[in-house]
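Trainee: Let me begin by handing over the structure; questions about it come next.
The values are calculated or read from the model by the stated rules, or taken from the named source; none is laboratory data. Owing to the predicted nature of the structure, the values given are computational and were not obtained by experimental measurement. Methodologically, a virtual Cβ is constructed for each residue, glycine included, from the backbone with ideal geometry; neighbour enumeration extends over all protein chains shown. These area figures cover heavy atoms from the full protein model, side chains too; ligands, DNA and RNA do not enter into them. Shrake-Rupley method; radii C 1.70, N 1.55, O 1.52, S 1.80 Å.
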Amino acid sequence: MPCLRQRKLVALAIASLALSSAPSSAGDRHAPPAFLVFPDATGAAATYSTKGAIDLTNPFFQVLGTNGRACVTCHAPESGWSVTPQSLRQRFDATNGMDPIFRPVDGAVSPTMDVSTLKARLVAYDMLLRKGLIRIGIGIPEDAQFELVAVDDPYGYASAKELSLFRRPLPATNLAFLSTVMFDGRETFADATSRDCILGTSTCFASIHFDLVDQANGATTGHAQATHPLTPAQADAIADFESSLYTAQVFDHDAGNLMARQAQGGPMSLAATAFHFGINDVVSGDYATGALFDPNVFELYASWNEAGHHAPDPGEAVDRSDARAAVARGEALFDSKPIAITGVGGLNDALNAPTINGTCSTCHDTPNAGSHSVPVPLDIGISDASRRTPDLPLYTLRHTTPPFEIVQTTDPGRALVTGRWQDIGRFKGPTLRGLATHPPYFHNGSAADLSAVVDFYDARFHIGFTSQEKHDLIAFLRSL
């Protein structure tokens with residue numbers, strides 16, 4: 001299967017050259033592509049590499065473990081360098097559930113599940129097939145401030161030694177905008193010698209390259225079940241490859257070309273977007289320049305609101321002006337729609353502010369990317385017991401000191417890394433570019449589409465979006 005999959009990727013890469021106007025070695029049809037272009041549910045997205053070509057022979061695409069997997073197995077370019085339930089169902093049907101992603105170690109709802117027959121594999125890989133969720137097994141730290149007092153695992157496996165946590169594979173692209181690696185930050189390491197420090201503190205972090213090297217090695221020995229670690233050269237090559245990739249939507253079925261009429265959609269402008277640790281931080285402002293936090297985080301489609309930009313594109317019969325105006329309005333809503341932020345662990349409590357008058361950009365603060373520019377995991381309530389669905393385990397945790405508080409959660413998140421009670425349910429906010437390529441959303445895939453994402457925030461913070469505002473905000477989010 002890996003060879004067949006590799007040939008498919010190469011064929012798609014060569015085909016995508018015809019869709020790209022970027023300078024490259026496109027004259028040689030066997031040369032590595034400068035772009036990969038893939039359709040998605042709302043249009044098409046493209047990936048661009050700052051190295052000038054996307055090297056499909058990189059160790060990222062090579063089987064380096066024992067179970068047939070490579071990095072690309074769970075980070076597929078045609079799914080925004082992640083996976084989607086739709087693509088996974090296609091892979092399951094094409095291989096009767098034997099594609100390398102379908103392995104009991106983490107693809108199944110429990111590593112002890114029967115996978116000997118097609119019928120059994122459909123049951124075992126249910127969470128992967130329906131929601132694109134990988135099972136992550138992490139135990140409670142020995143020095144944790146909490147203990148597991150009860151577990152309701154529909155699959156009969158989880159325990160304090162190894163909780164079963166169902167999470168989406170994060171995209172292996174747009175990593176230049178990261179301050180935190182992995183949803184729970186377990187691959188984000190301290191480094192007292194680093195210059196990337198939380199302003200006004202001695203909390204400093206290793207480079208993202210260092211984190212990605214460790215993550216690649218851990219994924220190979222864990223997810224790919226390799227018998228030995230990557231060589232330093234292999235790990236560096238994977239991290240360098242991932243760090244060179246930029247992915248963004250280039251075409252929308254309604255708004256058309258997302259770079260038309262001076263708009264700044266697509267991966268080329270994204271690759272030219274500046275980023276540094278602490279850029280535009282909501283708490284302290286910009287670490288490098290000292291400028292105050294600017295809520296106008298996205299400025300990609302402002303030109304679509306300007307006079308003279310509402311006519312059809314030359315040579316195009318379709319008038320897309322209404323759709324483009326909706327995208328521009330949605331961008332303005334993202335930056336400016338007032339949100340009374342309450343009850344967010346890691347934000348309201350950290351600032352000792354019961355209510356923060358913010359916007360979407362308060363948490364997605366990195367300009368034109370939407371990531372959080374410093375490692376600040378937040379609890380917005382996604383893993384609360386009240387939002388549990390029957391397919392997720394439920395964990396009852398108790399604080400180890402009086403008054404012995406109790407909390408129920410489907411995923412303790414950051415707390416399984418730090419052992420701290422206050423970190424229960426806290427996760428990083430992912431980068432927003434390329435959103436349309438990899439539904440469902442949130443760490444546990446609980447939002448099937450962008451409409452469900454907007455509905456969650458609307459209900460969670462009592463925002464009061466009108467139907468038109470929801471439409472416009474979704475139009476913007478899918479254009480990223």
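Trainee: Being open to solvent by 50 Å² or more (accessible area, probe 1.4 Å) and either in a loop (DSSP other than H, G, I, E, B) or touching a residue at least 24 places away in the same chain (Cβ under 8 Å) (or both) is the filter here; which residues of segment 212-233 pass it?
Mentor: Across segment 212-233, the qualifying residues are 214, 221, 223, 225, 227, 228, 229, 231.
Trainee: Which of the residues that make up segment 84-106 are open to solvent by 20 Å² or more (accessible area, probe 1.4 Å), in a loop (DSSP other than H, G, I, E, B) and over 20 Å from residue 443 (Cα atoms)?
Mentor: Of everything in segment 84-106, those that are open to solvent by 20 Å² or more (accessible area, probe 1.4 Å), in a loop (DSSP other than H, G, I, E, B) and over 20 Å from residue 443 (Cα atoms) turn out to be 96, 98, 103, 104.
Trainee: Going by what's in this entry, would residue 283 be described as out of contact with any Cys (no Cβ under 6 Å at 6 or more places or on another chain) and either assigned to a strand (DSSP E or B) or crowded, with 20+ Cβ neighbours inside 10 Å (or both)?
Mentor: no
Trainee: Against the conditions (1) out of contact with any Ser or Thr (no Cβ under 9 Å at 6 or more places or on another chain); (2) open to solvent by less than 60 Å² (accessible area, probe 1.4 Å); (3) under 23 Å from residue 477 (Cα atoms), where does residue 267 fall short? Just the number, please.
Mentor: Looking at each condition in turn, residue 267 falls short on (1).
Trainee: Kindly establish whether residue 236 is outside any loop (DSSP other than H, G, I, E, B), more than 28 Å from residue 358 (Cα to Cα) and of a type in the set (D, E, K, R).
Mentor: Spelling it out, residue 236 is indeed outside any loop (DSSP other than H, G, I, E, B), more than 28 Å from residue 358 (Cα to Cα) and of a type in the set (D, E, K, R).
Trainee: Select from segment 383-431 the residues that are closer than 22 Å to residue 157 by Cα, over 19 Å from the mean Cα position of the chain (by Cα) and of a type in the set (Lys, Arg) and list them in ascending order.
Mentor: Listed by number, the residues that qualify are 387, 388, 398.
Trainee: Tell me the residue from 273, 173, 180 that is in a loop (DSSP other than H, G, I, E, B), touching a Phe, Trp or Tyr at 6+ places or on another chain (Cβ under 6 Å) and not aromatic (Phe, Trp, Tyr), please.
Mentor: One residue alone meets the criteria, 173.
Trainee: Criterion first (open to solvent by 70 Å² or more (accessible area, probe 1.4 Å) and either part of a strand (DSSP E or B) or under 16 Å from residue 432 (Cβ atoms) (or both)) does residue 249 satisfy it?
Mentor: no
Trainee: From the list 466, 409, 401, which one is of a type outside the set (A, V, I, L, M) and open to solvent by less than 50 Å² (accessible area, probe 1.4 Å)?
Mentor: Step by step, each of 466, 409, 401 is checked, and only 409 is of a type outside the set (A, V, I, L, M) and open to solvent by less than 50 Å² (accessible area, probe 1.4 Å).
Trainee: Go through segment 52-83 and report how many residues are under 12 Å from residue 101 (Cβ atoms) and buried (at least 20 other Cβ atoms within 10 Å of the Cβ).
Mentor: Residues flagged as under 12 Å from residue 101 (Cβ atoms) and buried (at least 20 other Cβ atoms within 10 Å of the Cβ) within segment 52-83 amount to 11.
Trainee: Go through segment 198-211 and give me each residue that's at pLDDT 95 or above, hydrophobic (A, V, I, L, M, F, W, C) and open to solvent by 20 Å² or more (accessible area, probe 1.4 Å).
Mentor: 205, 208, 210
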